[in-house]
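The structure appears below as structure tokens.
The values are calculated or read from the model by the stated rules, or taken from the named source; none is laboratory data. What you see is a predicted model; the values in this text were computed from it and never measured. Ideal geometry is used to build each Cβ from the backbone, glycine not excepted, and the neighbour counts take in all protein chains shown. Note: areas computed on protein heavy atoms with side chains; ligands, DNA, RNA excluded. Shrake-Rupley method; radii C 1.70, N 1.55, O 1.52, S 1.80 Å.
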Amino acid sequence: MALRRALHFVFKVGDRAKTATFYRDVLGMKILRHEEFEEGCKATCNGPYDGKWSKTMVGFGPEDDHFVAELTYNYGVGEYKLGNDFLGITLQSSQAVSNAKCLGWPLTEVGEALYLTQAPGGYPFYLVDKEQPHNDPVQKVCLGVSDLQRSTHYWSTLLGMKVMDKNEEKKTVLMGFADSQCKLELQDIGGMVDHGTAFGRIAFSCPREQLPVIEALMKKENQKILTPLVSLDTPGKATVEVVILADPDGHEICFVGDEAFRQLSMLDPKGNEFLDKAMAEDKSDEWFAKHNKQKTAA
């Protein structure tokens, strides 16, 4: 399964400006591309919403060899309810720690050379206070599970991830498709997983020919398929095919055909400019304030 790659994690954001500050100015990530959509995604990339939304990809480098974040913003939705499903992203960057201190961004020391901070919306990020590596600084994504053995079987036996480490004391299993990629850590939370309304999605790529194979295996194993194999169009860009799954705890998993995705995910040198323009033109905060209303809390 070495041909499968970890791509990104999808976050719903209610405050696009503060979120941009966190990823750009605190973490030091770059805007890789930005896209605006007039109606909801047919693979529910932006969640169960059918209105205007935007997608911003941010990372330390191109998605070909970096794990990045996909920030989805639904116009008119200002807040999402956190669950206990997403337990954090860990990345190594003393520069990010320094940036946070300089900007007064809250940091909590939780271990030796390890700090906890939060993106707007409450999403936890763990910053390792060591020099940022030349390759991808993003080390792992941690998700909460209710039955570690069951989840390990799903991700390893059905999805083909390799188990790289187990910690009985912390009740965690570290997995990945390759040593050089961002890893997935599953942590047993000792109870039911609550996804709230802020639930995200983790995405992987695979050769396009594997998509129907994945779908057929999930049908055979009576596992949940949220979106059967479907084509997604991005105006002026490559059309990609995806299958969206849900693991035993309901974590959403997107598999996308690698060949077309590499074209779609090419770095857009105007990404930063497009995001800033969209934020400047977004008058929704002013409209709600003028009408003495508040944005929806999902």
Fill in the blank from the handout: Taking the stretch 262-283 and keeping residues polar (S, T, N, Q) and assigned to a loop (DSSP other than H, G, I, E, B) leaves S265
Handout entry: Elements of type strands (runs of 3 or more DSSP E) in the stretch 7-124, at least 1 residues being within 15 Å of the chain's Cα centre (by Cα)
Key = 30-37, 53-59, 68-74, 86-92, 114-119
Practice task
State whether one or more residues within the stretch 152-175 are of a type in the set (S, T, N, Q), at pLDDT below 95 and either in contact with an Asp or Glu (Cβ under 9 Å, 6 or more places away or on another chain) or more than 27 Å from D65 (Cβ to Cβ) (or both).
Solution key: no
Exercise for the section: May I ask you to verify whether V77 is touching a Ser or Thr at 6+ places or on another chain (Cβ under 7 Å), under 18 Å from S284 (Cβ atoms) and either open to solvent by 10 Å² or more (accessible area, probe 1.4 Å) or at pLDDT 95 or above (or both)? Expected result: yes
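Which fully enclosed strands (runs of 3 or more DSSP E) of the stretch 143-214 have 3 or more residues being β-branched (V, I, T) and farther than 25 Å from V242 by Cα? Step through it out loud before you land on a result.
Values: elements: 162-167, 172-176, 183-188, 201-206.
Fully inside the stretch 143-214 and qualifying: nothing.
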Practice task
Provide a single number: the residues in the stretch 165-184 that are within 19 Å of C206 (Cβ to Cβ) and either loosely packed, with under 13 Cβ neighbours inside 10 Å or of a type in the set (A, V, I, L, M) (or both).
Solution key: 5
Practice task
Tell me, yes or no, whether the stretch 91-98 has at least one residue that is over 23 Å from V256 (Cα atoms), free of Cβ contacts under 8 Å to residues at least 12 places away in the same chain and open to solvent by 10 Å² or more (accessible area, probe 1.4 Å).
Solution key: yes
